[in-house]
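Enquirer: I'd like to ask some things about the structure below.
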Amino acid sequence: MCLAAITETGSRYSPLPDEYKGNGCAITRAIQLSAVRGDASDLGISNIGPVQCETAKIFIAWARFGVDRAARKILGSPINRIETMGSYSCRNVAGTSRRSAHATAQAIDIGAFVLEDGRRINVYGDWSGGTREEREFLRVVHNSACRRFGTVLGPDYNSAHRDHFHVEIGGGGFCR
């Protein structure tokens, strides 16, 4: 059902075989996204790895309805590409012995957004130092992510997230 829902969005992807890596790390029910369908065009996605299908489904909706539309409204240009800092990584939550949602391909880190007009809005430099419109855009897309994902972490959470938004399907409504 998840793959059918993603296919209906017009996004481009390849299904991936399940891989059990051991030690609490696995890639199951995952896809490799290559483009997300926006309102008028495809939105590229850079540096993304395997993503669990349900996470991808939420990401696709957020990219179209939360990110692309906010860019058009606030910045006057549609999104060309979302730059991620990766998805699957067999690792723990920093400073703990608990596995990260990245260890099961249920999380994506987003570092920047490239507009059709060539501007690049990045979390690290523009969250606090961008123009008023760039700061507003980043806060709108962050808040939009909070309405869709179970956990969203950004620059206001801690210094480890100063340069990206961490989004994951689990966590039960934790948004910082």
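The values are calculated or read from the model by the stated rules, or taken from the named source; none is laboratory data. Computed from a predicted model, the values in this text were never measured in an experiment. Counting neighbours? That spans all protein chains shown, and the Cβs are built from the backbone with ideal geometry, glycine included. Accessible surface is based on the protein model in full, side chains and every heavy atom, while ligands, DNA and RNA are left aside. Shrake-Rupley method; radii C 1.70, N 1.55, O 1.52, S 1.80 Å.
Enquirer: Based on what the data block shows, is ALA35 without any contact (Cβ under 8 Å) to a residue 24 or more places away in the chain and over 27 Å from VAL93 (Cα atoms)? Break it down stepwise before answering.
Expert: On the way: without any contact (Cβ under 8 Å) to a residue 24 or more places away in the chain: no; over 27 Å from VAL93 (Cα atoms): yes.
Against the criterion (without any contact (Cβ under 8 Å) to a residue 24 or more places away in the chain and over 27 Å from VAL93 (Cα atoms)), ALA35 does not qualify.
Enquirer: Does ALA112 qualify as being in a strand (DSSP E or B) and of a type in the set (Gly, Ala, Ser)?
Expert: yes
Enquirer: Also: Would you mention how many residues in the range 152-175 are surrounded by fewer than 22 Cβ atoms within 10 Å (Cβ to Cβ) and on the phi < 0 side of the Ramachandran plot?
Expert: Selection size over the range 152-175: 13.
Enquirer: Give, as residue ranges, the strands (runs of 3 or more DSSP E) completely inside the range 1-108 that count at least 1 residues that are open to solvent by 20 Å² or more (accessible area, probe 1.4 Å), within 26 Å of ARG135 (Cα to Cα) and not aliphatic (A, V, I, L, M).
Expert: Qualifying strands (runs of 3 or more DSSP E): 30-37, 42-46, 79-86.
Enquirer: Can you tell me which residues in the range 101-158 are in contact with a Leu (Cβ under 7 Å, 6 or more places away or on another chain) and within 26 Å of LYS57 (Cβ to Cβ)?
Expert: LEU115, ILE121, VAL123, PHE137
Enquirer: Among the residues of the range 123-151 satisfying the criterion of being closer than 19 Å to GLY76 by Cα and of a type in the set (A, V, I, L, M), which is surrounded by the most Cβ atoms within 10 Å (Cβ to Cβ)?
Expert: VAL141
Enquirer: Further question: In the range 59-78, is there at least one residue being modelled with pLDDT of 95 or more and among the acidic types (Asp, Glu)?
Expert: yes
Enquirer: Is there any pair linking a residue in the range 115-142 that is under 14 Å from GLU83 (Cα atoms) to one that is modelled with pLDDT under 95 and basic (Lys, Arg), with Cβ under 8 Å and at least six apart or on different chains, and which?
Expert: From residues that are under 14 Å from GLU83 (Cα atoms), the pairs are VAL123/ARG162; TYR124/ARG162.
Enquirer: Could you say which residue among SER144, SER159, SER87 is farther than 21 Å from SER11 by Cβ and either at pLDDT below 95 or in contact with a helix residue (DSSP H, G or I) (Cβ under 8 Å, 6 or more places away or on another chain) (or both)?
Expert: Testing whether each residue is farther than 21 Å from SER11 by Cβ and either at pLDDT below 95 or in contact with a helix residue (DSSP H, G or I) (Cβ under 8 Å, 6 or more places away or on another chain) (or both) leaves just SER159.
Enquirer: Another question about this same structure. Please go through the range 103-147 and pick out each residue that is of a type in the set (Ser, Thr, Tyr) and either more than 15 Å from HIS164 (Cβ to Cβ) or touching a Cys at 6+ places or on another chain (Cβ under 8 Å) (or both). Explain how you work it out, then say what you get.
Expert: Of the range 103-147, the ones of a type in the set (Ser, Thr, Tyr) are 104, 124, 128, 131, 144.
Answer for the range 103-147, where residues must be of a type in the set (Ser, Thr, Tyr) and either more than 15 Å from HIS164 (Cβ to Cβ) or touching a Cys at 6+ places or on another chain (Cβ under 8 Å) (or both): THR104, THR131, SER144.
Enquirer: Could you tell me whether the range 138-151 includes any residue that is more than 23 Å from ASP18 (Cβ to Cβ) and over 15 Å from the mean Cα position of the chain (by Cα)?
Expert: Within the range 138-151 (the criterion being more than 23 Å from ASP18 (Cβ to Cβ) and over 15 Å from the mean Cα position of the chain (by Cα)), the answer is no, since none of the residues qualifies.
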